[in-house]
C-alpha cells in the first residue's frame, strides 16, 4: 500500500469488533491490502448490510496480501477491562500476520504496543481502505461466533443482537440469568449478579 507518505514497506489496517456487547469475545483483524488487486466498496462495517459484509470478507481474504484475526476472551475482558482487551486482540492480530508491516494504522485514538510503527486514525474504518477491510473481517468473524453461541445458549437471542444490550437481551438476562459467555464486569451483568447474591 502507498497510502502513507514517506513510509516504505507494508502497511496494515487494524480494527476490532465487539467492544460494546455484554457477551462474547472481542475480535480484531489486521489486513495488508494488495494495491495491484483493489477491492471496490470497502467501508466501515457498521454501514454495510450483513450480506454485503460477507461478500466483501470473501474478497478481502482472496485479494489481500495477508490478513489475520486476534481475539480476547470474556475472562480476559473481565480481568483487563474492555479497552485493554481490545488492544490485546489487536496485538494478536498483527502478530499473526504472515508479513510483518512497517506501520499499523489503528482505528480510533488508542493504540496497542506493537513492534512496528503505529498511527491511530479516528474514524479510520470509514476513510482508510485497509482499516475498513479489517473492520469487515472482525465484524464478520464475531457475528459468526455469536451465531455459534446462540446454538449453545438459545435462550438469549445472540444470533439476533450479537450480545449487544438490546431490550430483548436484557429481558433474556433477567429471565435466564448470566451465562458463561457473559462479561461479568459489564454493568447490566454485574448488577444482576449482585442482586442474585
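The values are calculated or read from the model by the stated rules, or taken from the named source; none is laboratory data. In this text, all values refer to a predicted model and were calculated from it rather than measured experimentally. Please note: Cβ atoms are built from the backbone with ideal geometry, for glycine as well, and neighbour counts cover all protein chains shown.
For the range 71-94, the set of residues classified as farther than 14 Å from residue 13 by Cα and either buried (at least 17 other Cβ atoms within 10 Å of the Cβ) or touching a strand residue (DSSP E or B) at 6+ places or on another chain (Cβ under 8 Å) (or both) consists of 71, 72, 74, 76, 77, 78, 80, 82, 85, 86, 88, listed by residue number. Of the helices (runs of 4 or more DSSP H) lying entirely inside the range 95-197, none contains at least 3 residues that are surrounded by fewer than 17 Cβ atoms within 10 Å (Cβ to Cβ), under 17 Å from the mean Cα position of the chain (by Cα) and touching a residue at least 60 places away in the same chain (Cβ under 8 Å).
Scan the range 41-56 for residues that are part of a helix (DSSP H, G or I) and surrounded by 23 or more Cβ atoms within 10 Å (Cβ to Cβ) and the total you get is 1. The number of residues in the range 1-40 being assigned to a loop (DSSP other than H, G, I, E, B) and either at pLDDT 95 or above or surrounded by fewer than 12 Cβ atoms within 10 Å (Cβ to Cβ) (or both) comes to 20. Screening the range 57-68 for residues that are part of a strand (DSSP E or B) and surrounded by 20 or more Cβ atoms within 10 Å (Cβ to Cβ) and picking the one that is nearest to the chain's Cα centre (by Cα) gives 68.
The single residue among 48, 33 that is farther than 19 Å from residue 97 by Cβ and more than 14 Å from the chain's Cα centre (by Cα) turns out to be 48.
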